[in-house]
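First up is the structure itself, then whatever we jot down about it.
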Amino acid sequence: MASQNPIAPSPAAGIYGGSVFANVVQAPEDPILGVTVAYNKDPSPVKVNLGVGAYRTEEGKPLVLNVVRRAEQLLLNDPSRVKEYLPITGLADFNKLSAKLIFGADSPAIQENRVATVQCLSGTGSLRVGGEFLARHYHERTIYIPQPTWGNHPKVFTLAGLSVKSYRYYDPTTRGLNFEGLLADLSAAPPGAIVLLHACAHNPTGVDPTLDQWEQIRLLMRSKGLLPFFDSAYQGFASGNLDADAQSVRMFVADGGECLMAQSYAKNMGLYGERVGALSIVCKSADVATRVESQLKLVIRPMYSNPPIHGASIVATILKDRELYHEWTIELKAMADRIINMRQLLFDALRARGTPGDWSHIIKQIGMFTFTGLNTEQVTFMTKEYHIYMTSDGRISMAGLSSKTVPHLADAIHAAVTRMK
Amino acid sequence: MTVSVNVSRFEGVTMAPPDPILGVSEAFRADTNDLKLNLGVGAYRTEELQPYVLNVVKKAEKLMLERGENKEYLPIEGLAAFNKVTAELLFGADNSVIQEGRVATIQGLSGTGSLRLAAAFIQRYFPDAKALISSPTWGNHKNIFNDARVPWSEYRYFDPRTVGLDFDGMVADIKAAPDGSFVLLHGCAHNPTGIDPTPEQWEKIADVIQEKNHIPFFDVAYQGFASGSLDADAYSIRLFVSRGFELLVAQSYSKNLGLYAERIGAINVVCSSSDAGTRVKSQLKRLARPMYSNPPVHGARIVANVVGDPNLFNEWKQEMELMAGRIKNVRRRLYENLSQKDKSGKDWSFVLKQIGMFSYTGLHKAQSDHMTDKWHIYMTKDGRISLAGLSLSKCEYLADAIIDSFHNVN
């Protein structure tokens, strides 16, 4: 439709000279998600995607848990279900059950009503809402994150209004925890500073503190009044046991202190795309928790008003039913076991090939990811010559491996290590 | 070892006030009076005052479960099939902006989330720009711009003397704003007033926006829900597009597909070239990733299935006409009751002229409080009532309450 307006300019002429968006440059592809983009483009029949952390079956397929399908069917069959806005804080049942899952049903913090829990958009959304809350209401606006950490952490907290510093975590020489460095850096942090802790299955390294080390971290943090902010994306997925994977968190809560907790159901219930998670803030008193919850609502309302119902309903349906819950724990353990099995297979395959170096970290590390220790050149080589897709920091997602593809990966690592230093 | 800190780090956190809109429903639930009526939040109710899940939505969900689709992460920009149909629905599939690939579309968390992404984009790329919002507007608009750190000011909109549009005030204020401001416009069914510009007025609004090199920013939460026709309700947006503007449109499927709790919507940016569109899209993704990584899949699939299937799409249009039709009927009944019962000669025809889910009654705060305190009618303090929450059988009661509050409370 041609404009009949006598003043009509050419489209988008004006003070920006051509387009209003002339100064908007092309953003680079997200490094983690970009791996899958590159993988999809590759026509090679032997390509393997070890990039993004989504579980794959032995056949290399995405998995929707049986118990999730059953829950969805129940929801669909229920004639009383509606799609009315959830409260700003989300589905109440979901919130209570989520807090119980991570803190333990008998947690005094829960029984004393000291926990403010709000449903959020998976782990990312929980971290962002928690970060925004702290930037507005907490006197210390610095958060310490482990070196390395999930690539999105610094961006989430920076945009939330916090300033980001790091503490030493990974030791490349041992491919394990740099515990001395960790303690030294946290000791040097200003009192009250916020500290991000991966509850289990550290991403990207797979290196977790032992329980003794956690206890030392706890003592140090409490003595300096540092505020723990847990990121729990793998409860039950790391060891196969929900309680074991929550031990670090429960140690902190047991001492009566405060902390933040970002929980995700993306991996342990396979609900990736549904964006289900929860932010809990454990407070000193029920009164404080009530006030904190009211302020969390002020963060959420101008961000997306209220959270999406579908995923949270699935989680609540499963968690509140004994039989479904039990079935879930079995399916969860099966996923965790398959990953542990892949670790063993890869370790054995490298040993069988006589690949130089100590590869025991593959079976010592825990969770979805292995920090191989391979450098950027070696990674690029593996992608080019062997069509192995992984992030350039040497991280591989064990969930993307199968017994069929392990030999190919072992060949690739062997070649990379022997031909490229 | 127990923690030595006995005082909470959050001791200084004060109790936040309840949300003015969502808080109304909370208060309504607490009221035990039989006559109570919830005209607060804008969620559609049937004549029996029950929530309504559209038949097409149930069909789509059944299909989705039968197909056994996976739950993998969507790309940051959302479901491609959804993004395609949502832009086509808004602009028309044969529109040149679609044909030329000039629209950057990102799936967002309903209207709010889409507005917030756009506001974050404005703050980053147009840090000196201001947003202009109508007086009044949806209460959450200000919060969104505040949290995104985009400064805003108001343009006159509601004229209490006519209970209509203050058109001259609107144009003057848009003209007085600094060049290159982002003008927030309600595509149709203005919330909270229900008062929309006429086509002639839209042309003049476009003129002044063009003259000032402002950027139009549409909030479209009621496409199809206002008049019953998807195309008619997109008139204003399509007019601006045809005049060559680059513009932003935030879309929501909360009302027109009844998908409130699924949080499904989109932010669309119409650019002068497809290259600009590509760049803009990449930067919107960069803002979404640290907010929630990628959007929820369920609502997006429902929309893609309904809008993408000709049978379901037609069925949807019919259900939407029914919903819009019911609201028009209630308006008419309310108007008739008000005119018949009010002997003062006051002109209540604005109830008929207003469009969409809401009506701005012209009642002020004390009068609105009276509606609640005496008549157990729950509404927002600005005098807004949601007609979607009104049944034909309750129109008479409501008319009595409005007449009483209007005349007897100062």
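The numbers here are math on the coordinates, done by the rules we state, and not lab data. Being a predicted model, the structure only gives us computed values, none of them experimental. All Cβ positions, glycine included, derive from the backbone under ideal geometry; neighbour counts span all protein chains shown.
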**Prompt:** Once you charge only the Cβ atoms, +1 for Lys and Arg and -1 for Asp and Glu, what is the size of the charge dipole of segment B:73-308 about its Cα centre, to the nearest 20 debye?
**Reply:** 900
**Asked** Leaving out same-chain residues fewer than 8 places away, which lysines sit with a Cα under 25 Å from that of B:Lys36?
**Response** A:Lys83, B:Lys255, B:Lys328, B:Lys341, B:Lys365, B:Lys374, B:Lys381, B:Lys394
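Of all alpha-carbon pairs in chain B, indicate the percentage at a distance above 30 angstrom.
44
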**Complete:** Checked the protein assembly as shown against the a/c 1.5 cut and the a/b vs b/c comparison, axes a ≥ b ≥ c from its Cα gyration tensor; verdict prolate
**Fill in**
Quick note on A:Met335, A:Met261, ordering by fewest other C-beta atoms within 10 Å, gives A:Met335, A:Met261
**Message:** Could you work out the relative contact order of segment A:85-320? I mean the mean sequence separation of Cα pairs under 8 Å and 6+ apart, divided by the number of residues, in percent.
**Reply:** 31
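Charges at C-beta only: +1 for Lys and Arg, -1 for Asp and Glu. How large is the resulting dipole of chain B about its Cα centre, in Debye rounded to 20?
580
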**Prompt:** Relative to the longest principal Cα axis of chain B, at what angle does helix B:365-375 sit, 0 to 90 degrees, rounded to 10?
**Reply:** 60
**Complete:** Everything considered on the Cα gyration tensor (a ≥ b ≥ c; rounded for a/c under 1.5, else prolate if a/b is larger than b/c, else oblate), chain A must be described as rounded
**Complete:** Residue-ordered couplings for segment B:153-160, obtained by feeding phi - 60° into the Karplus form 6.51 cos²θ - 1.76 cosθ + 1.60 and rounding to whole Hz (Gly and Pro as x), are 9, 9, 10, 4, 9, 8, 9, x
**Residue-averaged 222 nm ellipticity for the protein assembly as shown, from DSSP H runs of 4+ at -39500 (n - 2.57), nearest 500** = -14000 deg cm²/dmol
**Item:** Relative contact order for segment B:73-308, counting Cα pairs under 8 Å that sit 6 or more residues apart, in percent
**Value:** 30
**Prompt:** To the nearest 0.05, what FRET efficiency results for B:Lys353 and A:Tyr325 with a Förster distance of 41 Å applied to their C-beta separation?
**Reply:** 0.15
**Asked** Projected onto the charge dipole of the protein assembly as shown (+1 at Lys/Arg Cβ, -1 at Asp/Glu Cβ, origin at the Cα centre), which of B:Thr372, A:Val417, B:Ala221 gives the Cα projection farthest towards the positive end?
**Response** A:Val417
**Message:** Tell me the Kirkwood radius of segment A:283-421: reciprocal of the mean inverse pair distance over distinct alpha-carbon atoms, in Å.
**Reply:** 18.6
**Asked** Lysine pairs, Cα distance under 30 Å, 8 or more residues apart or cross-chain: how many in segment A:85-320?
**Response** 27
**Prompt:** So how tilted is helix B:199-211 from the main axis of chain B? Cα-based, degrees 0 to 90, rounded to 10.
**Reply:** 50
**Complete:** One finds the C-alpha centres of segment B:36-90 and segment A:382-421 to be spaced, in Å, by 42
**Request:** Step through the residues of segment A:281-295 one at a time and calculate ³J(HN,Hα) from phi using the Karplus curve (6.51 cos²θ - 1.76 cosθ + 1.60, θ = phi - 60°), rounding each to whole Hz and writing x for Gly and Pro.
**Result:** 10, 8, 10, 5, 8, 5, 5, 4, 4, 5, 5, 4, 4, 5, 6
**Asked** Put +1 on the Cβ of each Lys and Arg and -1 on the Cβ of each Asp and Glu in segment B:1-116; which of B:Ala60, B:Leu90, B:Leu35 then has its Cα farthest toward the positive end of the dipole?
**Response** B:Ala60
**Prompt:** So what's segment B:73-308 giving for Cα Rg divided by 2.2 N^0.38 Å, two decimals?
**Reply:** 0.94
**Asked** Which order results if B:Ile144, B:Ile205, A:Ile363, A:Ile388 are arranged by neighbouring Cβ count within 10 Å, fewest first?
**Response** A:Ile363, B:Ile205, A:Ile388, B:Ile144
**Item:** Rounded tilt (10° steps) of B:310-341 against the dominant C-alpha axis of chain B
**Value:** 30
**Asked** What size of dipole, in debye to the nearest 20, comes out for the protein assembly as shown about its Cα centre when the only charges are +1 on Lys and Arg C-beta atoms and -1 on Asp and Glu C-beta atoms?
**Response** 700
**Item:** chain A - percent relative contact order, Cα under 8 Å, separation 6 or more
**Value:** 24
**Fill in**
If amide H atoms are modeled at 1.01 Å from N in the peptide plane, then the residues at a separation of 5 or more from A:His198, or on another chain, having amide H under 5 Å from its own are A:Asp231
**Fill in**
Given backbone amide H placed at 1.01 Å from N, residues whose amide H is under 5 Å from that of B:Ser134, ignoring those fewer than 5 places away on the same chain, are B:Tyr155
**Asked** Using θ = phi - 60° and the Karplus curve 6.51 cos²θ - 1.76 cosθ + 1.60, what whole-Hz ³J(HN,Hα) does each residue of segment A:67-75 get, with Gly and Pro shown as x?
**Response** 5, 5, 4, 4, 4, 5, 5, 4, 5
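First measure r as the distance between the Cβ atoms of B:Thr32 and B:Leu322, then evaluate 1/(1 + (r/R0)^6) with R0 = 35 Å and state the FRET efficiency to the nearest 0.05.
It comes to 0.60.
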**Request:** Enter the mean number of other protein chain beta carbons within 10 Å of the beta carbon of each residue in B:276-288, as an integer.
**Result:** 4
**Request:** Post the alpha-carbon centroid distance, segment B:213-285 to segment A:259-288, in whole angstrom.
**Result:** 33
**Fill in**
When the charge dipole of segment A:324-421 is computed with +1 at the Cβ of Lys and Arg and -1 at the Cβ of Asp and Glu, the Cα pointing farthest to the positive end, of A:Gln378, A:Ile339, A:Leu401, is that of A:Gln378
**Prompt:** With a 10 Å Cβ neighbour count serving as the proxy for reagent exposure, in which order, fewest first, do A:Ser187, A:Ser19 appear?
**Reply:** A:Ser187, A:Ser19
